[in-house]
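Novice: Pasting a structure below so you can have a look.
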Amino acid sequence: MPAPLIVEAKIRMNSGRRFAFGPGKAELLERIDATGSISEAAKTMEMSYMRAWQIVKSLDTAFPEPVVLKTRGGKIKGGATLSDTGRELLRLYREMEAAAQSASAPSGRLIERLLKS
């Protein structure tokens with residue numbers, strides 16, 4: 001019996017060069033929220049700290065308030081949390097993904113029937 005078809009809806013949002021958001025950035029925000037650290041979030045994703053920092057900076061400049069609130073201080077006192085805007089961005093993005101997943105499921109089942117058995 002063949003493995004079932006798995007349909008995964010992935011949303012990517014773009015607004016010219018000003019704003020881009022997709023699965024990787026959403027995951028980074030979730031991991032920052034979970035770890036309280038940009039550095040730790042980057043490590044869990046096998047991403048360089050510099051790349052994670054660049055992503056955070058690009059998101060922060062796209063909104064009137066920062067998406068990630070940062071506290072300087074290194075390992076002892078430093079940290080990062082999502083702002084209200086960051087939490088809302090992540091919530092809305094995951095809501096869009098769920099809606100896309102739900103909308104694509106019927107077509108996914110039809111495609112599964114077309115596959116070789």
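The values are calculated or read from the model by the stated rules, or taken from the named source; none is laboratory data. Everything quoted here is computed from the prediction, not taken from an experiment. Positions of Cβ are generated from backbone atoms using ideal geometry, with glycine treated the same way; all protein chains shown enter the neighbour counts.
Novice: Taking the stretch 29-57, which residues are without any contact (Cβ under 8 Å) to a residue 24 or more places away in the chain, charged (D, E, K, R) and closer than 24 Å to Arg18 by Cα?
Specialist: Of everything in the stretch 29-57, those that are without any contact (Cβ under 8 Å) to a residue 24 or more places away in the chain, charged (D, E, K, R) and closer than 24 Å to Arg18 by Cα turn out to be Arg31, Arg51, Lys57.
Novice: Could you please find all residues in the stretch 47-73 being under 16 Å from Glu30 (Cα atoms) and β-branched (Val, Ile, Thr)?
Specialist: Ile55, Val56, Val67, Val68
Novice: Return yes when Arg87 is farther than 12 Å from Ile32 by Cβ and at pLDDT 95 or above and no when it is not. So that I can check it myself, show each step before the final result.
Specialist: Numbers: farther than 12 Å from Ile32 by Cβ: no; at pLDDT 95 or above: yes.
When the stated conditions are applied, Arg87 does not pass them.
Novice: Let me ask something additional. Taking Ile55 as meeting all but one of (1) at negative phi; (2) touching a Gly at 6+ places or on another chain (Cβ under 7 Å); (3) not acidic (Asp, Glu), write down the number of the exception.
Specialist: Result: Ile55 fails condition (2) only.
Novice: Would you please list the contacts, defined by Cβ atoms under 8 Å and residues six or more apart or on different chains, that run from a residue in the stretch 80-91 that is touching a residue at least 60 places away in the same chain (Cβ under 8 Å) to a residue that is of a type in the set (D, E, K, R)?
Specialist: Qualifying pairs under 8 Å: Leu90/Glu30; Leu90/Asp33.
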